[in-house]
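*Asks:* Sharing a structure below in structure tokens format, with a few things to ask.
Please treat every number below as a calculation from the coordinates, not as lab data. Keep in mind that this is a model prediction, so the values were computed, not measured.
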Amino acid sequence: MMPNNFGVQAQNYARKELMKRHRKEWDEIYRAEMIRLGGTPKPTTEEKILLLQNKINELQKEIK
């Protein structure tokens, strides 16, 4: 007779769903703690866009 894996499968599914739901909150807490500890957290998408726009503007000024 084979053991029943439904309990394990249900737990794994629940963990994955909770991580999906709370990913943004976890990212915010992680970033805040990294800054508090003096580390450099990875930039958010908005920060990356701003950095790239600034680099583009600087390069356009150098070309002119």
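*Asks:* What pairs from LYS20/LYS42; LYS42/LYS64; LYS16/LYS55; LYS16/LYS42 go past 28 Å between their alpha carbons?
*Replies:* LYS42/LYS64; LYS16/LYS55
*Asks:* Contour minus end-to-end for GLU46 and LYS61, with contour as 0.36 nm per residue of separation and end-to-end as the Cα-Cα distance?
*Replies:* 3.1 nm
*Asks:* Let me ask something else. Rounded to whole Hz and in sequence order, give me ³J(HN,Hα) for the stretch 24-36 from the Karplus expression 6.51 cos²θ - 1.76 cosθ + 1.60, θ = phi - 60°, writing x for Gly and Pro.
*Replies:* 5, 4, 4, 4, 5, 5, 4, 4, 4, 5, 4, 5, 4
*Asks:* Once you have the Cα-Cα distance between ALA32 and GLU17, take 0.36 nm times their residue separation minus that, and quote the gain in nm to one decimal.
*Replies:* On the way: separation 15, 0.36 × 15 = 5.40 nm, distance 2.37 nm.
Value of the extension gain: 3.0 nm.
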